[in-house]
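In what follows, a single structure is set out as structure tokens and then discussed.
The values are calculated or read from the model by the stated rules, or taken from the named source; none is laboratory data. Just so we're clear, the structure is a prediction, and the values are computed from it rather than from any experiment. Every residue, glycine among them, receives a Cβ derived from its backbone with ideal geometry; neighbour counts consider all protein chains shown. Protein only, heavy atoms only, side chains kept; ligands, DNA and RNA dropped before computing areas. Shrake-Rupley method; radii C 1.70, N 1.55, O 1.52, S 1.80 Å.
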Amino acid sequence: NDLSLGSHAGLGNIYAEENFCVYSTSTSGSYSLAVSSVNQDGSGNFYMDSIGGLGQIPYNLLFIDSGSGPGATSVSNTSLSGFGNSADPFCNGLNNATLSVSIQESDLQQASSGRYTDLLVILVSPQ
């Protein structure tokens, strides 16, 4: 799914989130989740590339496993663990995980005006 962050008016951070269902064939519903991008550096930081080569904007990516756990976990270049739905591949019509994107005001103010994009690959594996 595309996640539109809209435009920046000059003040404040930008934030958006995507809720989704994770089904796991594990009897406990446990899974690992890894997120990657071609714009991710070796330390696991994520960047949006400008269309037209004007530069990059760093952004934060958080994972929230609504099944259980402490809440938001920062996503980098390591796998995360979660607990999905082990009974129904469609999670009974409910979402049980969230990825959120935030861009800091200071990074937005330093960026050249234009359109920026990134493509995330999300790999989920039963544990």
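Take region 69-97 and flag every residue that is surrounded by 15 or more Cβ atoms within 10 Å (Cβ to Cβ) and without any contact (Cβ under 8 Å) to a residue 24 or more places away in the chain.
The answer is THR73, and nothing else.
Among the listed residues SER112, SER100, which satisfies the condition of being open to solvent by less than 70 Å² (accessible area, probe 1.4 Å), under 18 Å from the mean Cα position of the chain (by Cα) and at pLDDT below 95?
Selected residue: SER100, the only one of SER112, SER100 that is open to solvent by less than 70 Å² (accessible area, probe 1.4 Å), under 18 Å from the mean Cα position of the chain (by Cα) and at pLDDT below 95.
How many residues does region 20-65 contain that are out of contact with any Leu (no Cβ under 9 Å at 6 or more places or on another chain), open to solvent by 60 Å² or more (accessible area, probe 1.4 Å) and farther than 14 Å from SER125 by Cα?
9
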